[in-house]
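Reviewing the structure listed below.
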Amino acid sequence: MSNTQWTITVGEGSCGIAAGAPEVTELLKKRLPDAQFKSVGCVGMCHREVMVETVDDQGRSYLWGNLTKKNLPKVIQFLRGDGVLPKTLLIRSSEEPDCEGGHYLTRQTRIALRNVGQLNPTSMAQYLDRGGYDAIKKIITSGMTPEAVIEEVKIAKIRGRGGAGFPTATKWGFARNAPGDVKYLVCNGDEGDPGAFMDRSLLEGDPHNVLEGMLIAAYAIGASKGYAYIRAEYPLAVQYFGQAIQDAREAGYLGYHILGSDFSFDIKIKEGAGAFVCGEETALMASIQGERGMPRIRPPFPAISGLFGKPTIINNVETLANLPWIIQNGGAAYAAIGTEKSSGTKVFALAGAIARGGLVEVPMGVTIRHVLENIGGGSASTRPLKAVQLGGPSGGCIPERLFDTPIEYEAINATGAIMGSGGMVVMDSKSCMVDLARYFLEFTENESCGKCTFCRIGTLRMKEILTRICAGEGTMEDIDLLEDLGRSVQSASLCGLGQTAANPVLTTIKYFRDEYIAHVQEKRCPGGVCKGLITHTILNDKCSGCSICERYCPVNAITGTLKHPDTWVIDPKICINCGMCAEVCNPDAILAA
Amino acid sequence: MNLQNMEATVDPELVHHWITAIGSDSSAAVPILQAIQGHYGYLPRKAMDLVVAQTGINASQLYGVATFYAQFRLKPVGRHMIKVCHGTACHVQGADRLNTSLRHALGISNPEQDTASNGSYTVENVACIGCCSLAPVMVIDGQAFPNVKGADAQRQLFKHARENNEILAGQDAEN
């Protein structure tokens, strides 16, 4: 056995933990008792979780992925010096420069995510070692005025990363100039978009960076109090951010007279309670105040009269995470990245039918195709990609033929989608765009606060029409009605939820009208998804007669004799087309069409 | 077991403790409800009444908040909680099948119900737990299971049930 001293770093973000990081760590500790262990947040390669990096005392590094209790012994053997290099588990190595996985990270430009996956999120010392809190120190010790901070952010040309893309410095200026002794700065960590997890990774992986961003914003607008509104569904983010607040307070970065200056600022965490509409500023404020999270008419804008009637700025987690870098490196350096109108970088959460899903931070201006193919590795299956859903329920579907669209606010808006907070859900030919539109409408109808009639009733009616189409009971007039209703809901709703609710429907009709027509006229679901339009049948020539489908069928619709493939049938009168049989069938003998 | 018997016995001192720790003005409504639900798994009526009596929050505001947010439940829950993620990625990867298979295993056939009749498990759909790259995902008692297919969901549930001495209606499907 070799005497190599290993330092072992384990990715223990929510996704790493979900994939089994605690079990892997336990086994590694048992088998390599002399190694030093470090815990970090998610590096962003969620598709390779559980991920572990091992570095020896001579600086040789190996980054491993897809580790399980089963395959871990191979890695342990290698690390102990008595086994061969298990190449299939290796993502990147200083000794093996050609590992494919390495490209995932090297093709990114990481500003907001620069520390995520690199440090222990609960260690303030590690954040300080990486230049943490230097930006706020620079502001205070160099005597930068709040106006100078706003000017620097203006030069950076950063736009709000929550989705709408309003220039951050302009928004700050309103609050800075608003009269009032008490002002609030709120961190919007209510990442409600299904399919998005950028904020979770930032809050979990580098909480001090977000906190420092809050300090910079608070200093710029003159806020003395702050709230971090974080989804209750992200318990680790709440825990780590709470610890960061406590540690920063003890170290003098929060509280009265920060770093001996006249600047005082403190933060409280408020946990969200599961309402998508609370991502909207005025609804979020109502929620913090203990009310139902309902939006209100603007003006007055929150920057003038917000939380408890005081001037309030609400910035998204990702916006805040960029600020320390901007102050440290200068606004011009940030503006030099990206495009003229969309500066800097944008973080995306890649998921769905993609080979390498995870977190991706790229300069604005690169194409969607670059993200999906060069970084995401293209389709996860042999099926071609057909669309990408951008911006969650507020966004839209961009078809493959528009994948060369550059990632910048205006260009994305021109497709009918929106940048949104950065969720990118990828679809291949086995997904149904009508079902997807129905899914989003069900979501928005459910999440509508009910204040505006068009949003309350309009989304409900749209969902009903889409459900009808998915069941094969739609008419061609339904498609026109959907477009009409969609535009009405857009124009007659008070907040972003209603104003954007129709986007998934309108873009799928615009780009995938043929799928709607197939559902309506041919009573066929091309993706093989809509339960009312598909039938499950057993292909007896492929069947092995193993009976597993029978065991998992929830309605006992399958019968046959064990080991007699020709006897197996699904009773269409009983079958609910749930697809369980197809999922468990090893020989792939069940056809859904 | 009759689900009515699952009503929790509320400890007034505990409710008082939460109010003292969190606050009694109207902005405390959400965190107080979160504390109550965190302990009892739902919002028992008795606890709500105590909050109304001991804070400046009136009943209409408290119930208004409790019924507005998806997180809160006014009905008792099972001894164990299963959350099935229905985010976009999970939906596209077949989250629906998880519900079908779990409900089958738990013997919950009434679409209006979400708790097994013996009070063992409650199946709840959640909007998105933010592990989209590992879709579909479900969470049993706080432990997340990544890349679960319908059949895996049953297997994990049966395993959990065995470890927690719970008896399930559909356990005979396992082999």
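A short reminder: the numbers here are calculations on the coordinates, not readings from a lab. Since the structure is predicted, the reported quantities are computational estimates derived from the model, not experimental observations. Note: ideal-geometry Cβ built from the backbone for every residue, glycine included; neighbour counts use all protein chains shown.
What is the gain in length, in nm to one decimal, between A:A414 and A:H257 on full extension, counting 0.36 nm per residue of separation less the C-alpha to C-alpha distance?
51.8 nm
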Point-charge dipole on Cβ atoms (K/R +1, D/E -1) for the protein assembly as shown, about Cα centre, debye to 20
220
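Per DSSP H run of n ≥ 4, the term is -39500 (n - 2.57); total these for chain A, divide by its residue number, and report the mean residue ellipticity at 222 nm rounded to 500 deg cm²/dmol.
Using -39500 (n - 2.57) per qualifying helix, the result is -10500 deg cm²/dmol.
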Distance between Cα centroids, segment A:187-211 to segment A:505-553: provide it in whole Å.
36
Place a +1 charge on the Cβ of each Lys and Arg in segment A:492-556 and a -1 charge on the Cβ of each Asp and Glu, then give the dipole magnitude about the Cα centre in debye, rounded to the nearest 20.
80
If unit charges are put on Cβ atoms (+1 for Lys and Arg, -1 for Asp and Glu) and the dipole of the protein assembly as shown is taken about its Cα centre, the option from B:H104, A:T345, B:T115 lying farthest towards the positive end turns out to be A:T345
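Just flag the chymotrypsin sites (Phe, Trp or Tyr not before Pro) in segment A:152-216 sitting in loop per DSSP whose Cβ has no more than 12 other Cβ atoms within 10 Å.
For chymotrypsin sites (Phe, Trp or Tyr not before Pro) across segment A:152-216 that sit outside H, G, I, E and B with at most 12 neighbouring Cβ atoms in 10 Å, the list is empty.
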How high is the relative contact order of segment A:136-216, in percent, with contacts defined as C-alpha pairs under 8 Å that are six or more residues apart?
23
Length-normalised contact order of segment A:86-241, Cα under 8 Å, at least 6 apart, in percent, tallies to 26
With eigenvalues of the C-alpha gyration tensor scaled by 5 and rooted, the protein assembly as shown, Å
40, 32, 29
Viscosity 1.306 mPa s, 10 °C: Kirkwood-radius Stokes-Einstein D of segment A:1-108 over Cα pairs, µm²/s:
115
Please work out the Cα center distance from segment B:107-142 to segment A:393-457, rounded to the nearest Å.
25
With each pseudo-label sitting 7 Å past Cα toward Cβ, what's the A:E96-B:N164 distance in nm, one decimal?
4.0
Cα lying deepest toward the dipole's positive end in chain A, options A:G422, A:C575, A:G222, charges on Cβ:
A:G222
Segment B:111-151 - percent relative contact order, Cα under 8 Å, separation 6 or more
22
Amide N proximity, segment A:294-329 versus B:D25 label position 7 Å along Cα-to-Cβ, cut-off under 20 Å:
A:294, A:302-314
Can you work out the FRET efficiency for the pair A:T537 and B:H39, with r the C-beta to C-beta distance and R0 = 45 Å, to the nearest 0.05?
0.35
Quick one: P(r) of segment A:194-296 from all Cα-Cα pairs, 5 Å bins, percents rounded to integers, in order of increasing distance.
2, 13, 21, 22, 20, 14, 6, 2, 0
So what is the 222 nm mean residue ellipticity for chain B from helices alone, if each DSSP H run of at least 4 adds -39500 (n - 2.57) and you divide by all residues, rounding to the nearest 500 deg cm²/dmol?
-12500 deg cm²/dmol
Around A:G472, what is the net charge, scoring Lys/Arg as +1 and Asp/Glu as -1 over all other residues with Cβ under 11 Å from its Cβ?
+2
In degrees, nearest 10, the alpha-carbon axis of helix B:59-68 is tilted away from the dominant principal axis of the alpha carbons of chain B by 20
Kirkwood-based Rg over Rh for segment B:1-140 (C-alpha set), two decimals?
1.03
Evaluate the charge dipole of chain B about its Cα centre and quote only its size in Debye, nearest 20, assuming +1 on the Cβ of each Lys and Arg and -1 on the Cβ of each Asp and Glu.
280
